[in-house]
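The values are calculated or read from the model by the stated rules, or taken from the named source; none is laboratory data. From a predicted model like this one, the values you see are computed outputs, not experimental measurements. Cβ atoms come from the backbone with ideal geometry, glycine included; neighbour counts cover every protein chain shown. With ligands, DNA and RNA removed, areas are computed over all heavy atoms of the protein, side chains included. Shrake-Rupley method; radii C 1.70, N 1.55, O 1.52, S 1.80 Å.
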Amino acid sequence: MKYSFNTFNHSTYYGIEPSLPAQIAAAAAAGYDHIGLDVFSVRAHDRAGTPPEALADALRAADLPCYEIVSLSISADRDATERSLAGILRYAPVVGAREVLTVVTGPVDDAVAANARHCAAALADAGLGLNLEFLPTRDVDSIDEARRLVDLLPDGALKLVVEAWHFFRGPSTWESLRDLPLDLVGFVQFSDAPEPIHDDHHTESMHRRALPGEGVLDLPAFCGALLDKGYDGVVSVELLDDTWRAAPLPDFAEATLRTTRKVWEAAARA
């Protein structure tokens with residue numbers, strides 16, 4: 001298994017200053033194999049005078065390759081989708097990303113499918129894979145709903161991001177996870193969660209997560225289901241949490257990798 005440090009917890013999405021060079025250094029020092037960059041922060045650095053070429057230099061200096069870039073927004077609106085795609089195509093090849101995470105706004109329909117096909121083809125031409133994240137706060141809220149869109153694209157054009165938090169907090173089932181073919185698993189996102197205190201999934205997802213093994217999610221069973229199908233790819237550690245956002249970056253990187261690796265290694269021995 002390879003582990004990727006997901007930068008979204010310290011993204012400018014949260015109204016904070018961009019900090020990707022510091023996150024690159026912290027992730028490399030912690031021992032991560034990869035890093036996943038968020039396009040909000042990459043764009044903010046670019047506007048502030050640190051172009052993606054400088055981030056690529058920092059990645060090379062740290063010997064920390066970029067695995068994924070987050071995120072491409074696909075919807076029925078062709079112009080909006082094209083704007084999002086243009087940003088991804090501007091940044092992803094420069095920083096050396098291999099995979100693009102996408103989210104879909106709105107229900108799966110003919111227009112969404114057409115835009116997804118267009119994006120997948122454009123990304124493939126740039127040597128990039130496309131991976132769909134399902135979220136319980138969106139219409140594409142489950143493995144089954146995500147596979148509806150996969151089935152509307154050419155074989156191999158779109159894979160799934162199997163995200164632990166979204167799996168447990170959304171309508172996905174164990175049966176749907178067990179039945180998901182290995183070749184449709186693009187990569188995995190991983191975190192734990194405390195007992196919810198809000199009815200709002202968005203608030204819980206974006207502000208209240210926990211280190212793997214320190215929450216209430218049945219992560220051993222989740223890991224086991226993926227290991228049973230032969231998954232041995234990348235685990236992107238996406239712990240979105242207000243308390244950890246205020247902690248020193250080196251502490252955050254070390255704790256997330258240590259606890260994630262512990263859960264996966266225990267599941268592999270089970």
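Some observations on this one:
- The C-beta contact set for region 222-237 (first residue in contact (Cβ under 8 Å) with a residue 12 or more places away in the chain and of a type in the set (Lys, Arg), second residue open to solvent by less than 20 Å² (accessible area, probe 1.4 Å) and in a helix (DSSP H, G or I), distance under 6 angstrom, 6+ apart or interchain) is empty.
- Residue match in region 89-109 (condition: touching a residue at least 60 places away in the same chain (Cβ under 8 Å) and hydrophobic (A, V, I, L, M, F, W, C)): yes
- Residues (more than 15 Å from Arg43 (Cβ to Cβ) and open to solvent by 60 Å² or more (accessible area, probe 1.4 Å)) located in region 78-92: Arg78, Asp79, Glu82
- Residue match in region 116-129 (condition: basic (Lys, Arg) and in a helix (DSSP H, G or I)): yes
- Cβ-Cβ distances below 7 Å connect the following pairs, each with a first residue in region 207-220 that is under 15 Å from Ala267 (Cβ atoms) and touching a residue at least 24 places away in the same chain (Cβ under 8 Å), a second residue that is hydroxyl-bearing (Ser, Thr, Tyr) and open to solvent by less than 60 Å² (accessible area, probe 1.4 Å), and a separation of six or more residues or different chains: Pro212/Ser191; Pro212/Thr259; Pro212/Thr260; Gly213/Thr259.
Table: residues versus (1) of a type outside the set (A, V, I, L, M, F, W, C); (2) open to solvent by less than 50 Å² (accessible area, probe 1.4 Å); (3) within 20 Å of His166 (Cα to Cα).
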position	(1), (2), (3)
Glu204	yes, yes, yes
Leu211	no, yes, yes
Val216	no, no, yes
Ala225	no, yes, yes
Asp232	yes, no, no
Leu239	no, yes, yes
Ala268	no, no, no
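- The lone criterion from (1) closer than 25 Å to Val162 by Cβ; (2) surrounded by 15 or more Cβ atoms within 10 Å (Cβ to Cβ); (3) out of contact with any strand residue (DSSP E or B) (no Cβ under 9 Å at 6 or more places or on another chain) left unmet by Ile74 is number (3).
- Odd one out for His118, checked against (1) within 23 Å of Gly36 (Cβ to Cβ); (2) surrounded by fewer than 22 Cβ atoms within 10 Å (Cβ to Cβ); (3) modelled with pLDDT of 95 or more: (1)
- Only one entry of Thr81, Thr102, Thr50 meets the criterion of being farther than 26 Å from Leu239 by Cβ, modelled with pLDDT of 95 or more and of a type in the set (Ser, Thr, Tyr), and that entry is Thr81.
- Put simply, of Asp46, Asp57, Asp125, Asp33 the only residue that is among the charged types (D, E, K, R) and closer than 30 Å to Glu145 by Cβ is Asp125.
- Among the residues making up region 23-71, those that are open to solvent by 50 Å² or more (accessible area, probe 1.4 Å) and out of contact with any strand residue (DSSP E or B) (no Cβ under 9 Å at 6 or more places or on another chain) are Ala25, Ala29, Arg43, Arg47, Ala48, Gly49, Glu53, Asp57, Arg60, Ala61, Asp63.
- With respect to the conditions (1) open to solvent by less than 10 Å² (accessible area, probe 1.4 Å); (2) under 14 Å from Phe5 (Cα atoms); (3) touching a residue at least 60 places away in the same chain (Cβ under 8 Å), Ala255 lacks only one, and its number is (3).
- Leu149 being closer than 16 Å to Leu184 by Cβ, under 17 Å from the mean Cα position of the chain (by Cα) and open to solvent by less than 60 Å² (accessible area, probe 1.4 Å): no
- Residues that are without any contact (Cβ under 8 Å) to a residue 60 or more places away in the chain and surrounded by fewer than 18 Cβ atoms within 10 Å (Cβ to Cβ) were ranked within region 187-202; the one that is nearest to Phe5 (Cα to Cα) is Pro194.
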